[in-house]
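Working notes, beginning with the structure itself.
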Ligand SMILES: *[C@@H]1O[C@H](CO)[C@@H](O)[C@H](O)[C@H]1NC(C)=O
Ligand SMILES: *[C@@H]1O[C@H](CO)[C@@H](O)[C@H](O)[C@H]1NC(C)=O
């Protein structure tokens with residue numbers, strides 16, 4: 001009998017400021033879609049939006065790097081945006097699980113209690129701590145790790161390199177360029193908030209993945225989009241070759257197998273061989289960092305698990321999601337023929353001339369060679385700065 005007045009009071013106190021943006025706002029530059037598809041802006045002028053995820057009511061939660069988490073809600077004639085968490089430390093990853101939102105900073109995954117009705121965060125505490133937060137690439141993508149009964153048992157968490165080409169990443173104990181499974185304690189701990197789980201733990205899942213930027217489950221494992229190194233300062237690989245190599249990669253990590261190396265820092269994938277003898281597109285080649293880790297070393301799967309698909313060099317894939325039409329929440333999704341395919345967002349690179357990427361590609365599954373196509377492609381070179389904004393309008397209805 002007390003709940004009604006309490007709810008009323010709660011929503012009165014929490015009447016926060018929403019900003020409305022009408023639909024039909026143009027893109028900042030021309031956007032190309034294939035015949036039969038169209039793209040529109042959901043909300044513009046966000047602060048470096050990264051991970052996005054829908055909640056159970058269809059609210060779209062957005063990590064705005066350097067700002068916090070905002071929620072976008074569709075209303076008559078457009079969308080409303082509210083900032084629901086102020087935290088300038090968020091970098092990239094977000095997972096929504098029922099009434100919980102998890103988001104990552106350079107060092108921590110923070111769990112928030114989320115009320116989708118009032119669009120309010122009611123509590124927050126660190127869930128995973130001790131992630132390596134120094135170095136050049138401090139995004140930590142992650143997913144919840146579930147058992148066969150769909151119970152959350154922990155987290156799968158990625159970590160990037162200390163530097164562009166990080167020799168310390170050869171040793172899995174470095175905690176760099178790898179994916180780990182962090183397990184929740186078997187026994188529920190009767191304190192609140194529960195103590196956080198500490199990185200790195202002892203459960204290595206994969207290593208030698210330079211910058212694992214996006215994860216998605218399928219086929220009993222994890223598909224991971226990997227951002228390859230820039231090699232323009234590596235002797236022997238400058239100029240045109242560095243402009244078009246190495247390929248960015250899609251990796252497959254078998255979660256039931258022993259952790260494998262995916263080659264970083266020594267081994268990379270050819271995108272454009274430029275007629276170099278002995279090199280073809282898709283070949284594994286070495287970066288001459290260590291005489292014993294030559295091309296023959298890189299071609300051995302025991303040393304270097306090769307990618308399952310290659311993306312054009314400097315595409316900078318940020319995320320991957322599989323399209324499951326049975327999960328479309330009543331929203332009109334993509335064509336039925338795309339069911340089961342992967343969609344990968346590209347940041348696009350500042351260090352390629354002309355720039356590439358910036359858009360969303362469809363990767364048909366089952367995989368068939370290096371086949372993928374843009375379903376939304378942004379301006380190639382419209383003077384956007386390094387921190388190009390990938391609008392949630394690039395979301396792909398998944
Ligand atoms: C976004 O920001 C630009 C630059 O400040 C401004 O011109 C534009 O009107 C804004 N767009 C919206 C929809 O608010
Ligand atoms: C975020 O910060 C702004 C500016 O200080 C404040 O107005 C707003 O209430 C804060 N929002 C939340 C959810 O804490």
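Modelled label positions at residue 202 and residue 37, each set 7 Å beyond Cα in the direction of Cβ, lie 4.6 nm from each other.
Would you mind checking region 233-259 for residues with the amide N under 12 Å from a putative spin-label position 7 Å along Cα→C-beta of residue 353? The answer is 239-240, 243, whose backbone nitrogens lie closer than 12 Å to the label point. If you line up the long axis of helix 3-13 against the longest principal axis of the chain, both from Cα atoms, how many degrees apart are they, to the nearest 10? That helix lies at roughly 60 degrees to the long axis.
For a Förster distance of 35 Å, can you work out the FRET efficiency between the beta-carbons of residue 276 and residue 368, rounded to the nearest 0.05?
On the way: r = 26 Å, r/R0 = 0.76.
According to the calculation, E is roughly 0.85.
So what is the calculated 222 nm ellipticity per residue for the chain, using -39500 (n - 2.57) for each DSSP H run with n of 4 or more, over all residues, to the nearest 500 deg cm²/dmol?
Values: 3 runs with 21 residues, N = 398.
Here the helix-only value at 222 nm equals -1500 deg cm²/dmol.
Paramagnetic label reach from residue 48 (point 7 Å along Cα→Cβ; backbone nitrogen cut-off under 14 Å): within region 132-171, residues 135-140.
Based on the alpha-carbon gyration tensor of region 132-263 and its eigenvalue square roots a ≥ b ≥ c, which shape applies: rounded if a/c is under 1.5, prolate if not and a/b is larger than b/c, or oblate? In terms of gyration-tensor shape, prolate. Expressed in units of 2.2 N^0.38 Å, where N is the residue count, the Cα radius of gyration of the chain is 1.00.
If the chain linking residue 18 and residue 100 were pulled fully straight, counting 0.36 nm for each residue of separation and taking away their Cα-Cα distance, it would gain 27.4 nm. Take every Cα pair under 8 Å whose residues are at least 6 apart in sequence, average their separation, divide by the length of region 88-160, and the relative contact order is 26 percent.
Using C-alpha pairs below 8 Å separated by at least 6 residues, the relative contact order for the chain is 12 percent. Label-to-label distance for residue 86 and residue 326 is 4.4 nm, based on points extended 7 Å past Cα in the beta-carbon direction. For the options 39, 247, 127, a Gaussian network treatment of the chain with springs between C-alpha atoms closer than 10 Å singles out 39 as fluctuating the most.
No lab work stands behind these numbers, since they all come straight from the coordinates. Owing to the predicted nature of the structure, the values given are computational and were not obtained by experimental measurement. Cβ: placed from backbone, ideal geometry, glycine included. Neighbour counts: every protein chain shown.
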